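Heads up, the thing below is written out as structure tokens.
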Amino acid sequence: MPSLKDLRSRIASVKATQKITKAMQMVAAAKLRRAQTAAEAARPYAERMEKVISATARGVPESAPAPALLRGTGHDDVHLLVVCTAERGLCGAFNSSIARLARDKATALMAEGKTVKFLCVGRKGYDLLKRQFGAQIVETVELRSVRQLGFEHADSIGRKIIDLFEKGEFSICTLFYSRFRSVIQQIPTALQIIPVELPEQEQEASDFVYEFEPEPDELLSVLLPRNISVQVFRALLENAASEQGARMSAMDNATRNAGEMIRKQTLNYNRTRQAMITKELIEIISGAEAL
């Protein structure tokens, strides 16, 4: 049985941990508002970019050569998986759920005889994947020192992806991130960005006829590389909001669990203290009767 001193030390330790988790919860709640606003503002732009590329691609004559970023290389034997995760932990299953989705995809591709390569954006993704796929990780991009995410960070990653594609390092690229829905729900998502997946054409009552200047293939040569950076930027912003939401929930649960542990330890401490007092009284009464 632990002594009263041990129980007091244990209670004090849990109380100190509870203060830390409560502070982290409040910090995450403060950061979540701004991150959620940025993620929601980026969604319409990314979705409109997809529609513009889709409309432009349909304007390219079938006889004209399409850019490789649109039509692909004609092969699907080498896949690049871009896994975007956080730089820090203590955010529940946020990082592990993204890594699990990428791991399942890689395992399925390798079972089909495909070659899989990884580009990790965020230290936690690298830590989770290096044991099983360490030899297949071609590069890791860390954003630990970045205080405010900007488009230039996503553009740098997008250029790395395009450089690898132009060197023939892969044929298909898939982006993995967590889409923010609410504080308690973040959805791991896989999005193919090379070759770009065109959305189905919507049938409207009044279809528009587009005229392009310059030619559609020239527009696509500019839009397609930018679309990759836009989609990466969207993934980073969605991840930032999802990370703060997941951390807020995880720290709230940790604070509640610490409170429950303090209650149980305090009850145990009071019972132990009462038992020791009762034992001492019995010893005193027994000694008095013996005299």
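Odds and ends about this structure:
- Criterion applied to GLY122, GLY168 was being on the phi > 0 side of the Ramachandran plot and either within 19 Å of the chain's Cα centre (by Cα) or not small (Gly, Ala, Ser) (or both), and the one residue passing it is GLY122.
- Of all residues in region 25-51, those that are within 30 Å of LEU219 (Cβ to Cβ) have Cβ atoms under 7 Å from Cβ atoms of residues that are surrounded by 16 or more Cβ atoms within 10 Å (Cβ to Cβ) and aromatic (Phe, Trp, Tyr), 6 or more apart or on another chain, in ALA39/PHE180; ALA42/PHE233.
- Of everything in region 1-31 that is open to solvent by less than 90 Å² (accessible area, probe 1.4 Å) and outside any helix (DSSP H, G or I), the residue that is nearest to SER249 (Cα to Cα) is PRO2.
- Residue match in region 53-71 (condition: under 27 Å from the mean Cα position of the chain (by Cα) and among the basic types (Lys, Arg)): no
- Single residue of region 220-237 satisfying the filter (over 22 Å from the mean Cα position of the chain (by Cα) and open to solvent by less than 10 Å² (accessible area, probe 1.4 Å)) that is farthest from VAL60 (Cα to Cα): LEU224
- Qualifying residue in region 150-170 (condition: open to solvent by less than 20 Å² (accessible area, probe 1.4 Å), in contact with a helix residue (DSSP H, G or I) (Cβ under 9 Å, 6 or more places away or on another chain) and free of Cβ contacts under 8 Å to residues at least 60 places away in the same chain): yes
- In the set (1) part of a strand (DSSP E or B); (2) at pLDDT below 95, the condition left unmet by LEU119 is number (2).
- Taking first residues from region 171-200 that are more than 17 Å from ARG234 (Cβ to Cβ) and partners that are modelled with pLDDT of 90 or more and in a strand (DSSP E or B), the Cβ contacts under 8 Å between residues at least 6 apart in sequence or on separate chains come to SER171/VAL78; SER171/HIS79; ILE172/VAL78; ILE172/HIS79; ILE172/LEU80; ILE172/GLN192; ILE172/ILE194; PRO195/ILE172.
- Lone unmet requirement of (1) touching an Asp or Glu at 6+ places or on another chain (Cβ under 7 Å); (2) in a helix (DSSP H, G or I); (3) farther than 22 Å from GLN244 by Cα for VAL60: (2)
- In region 84-104, the qualifying residues are those that are part of a helix (DSSP H, G or I) and open to solvent by 20 Å² or more (accessible area, probe 1.4 Å), and the one that is nearest to THR21 (Cα to Cα) is SER96.
- The listed residue being of a type outside the set (Lys, Arg) and at pLDDT 90 or above, out of LEU236, LEU219, LEU291: LEU236
The values are calculated or read from the model by the stated rules, or taken from the named source; none is laboratory data. Note that this is a predicted model, so its numbers are computed, not measured. For neighbour counting, all protein chains shown are included, and Cβ atoms are generated from backbone atoms with ideal geometry for every residue, glycine included. Only protein heavy atoms, including side chains, enter the accessible area calculation; ligands, DNA and RNA are left aside. Shrake-Rupley method; radii C 1.70, N 1.55, O 1.52, S 1.80 Å.
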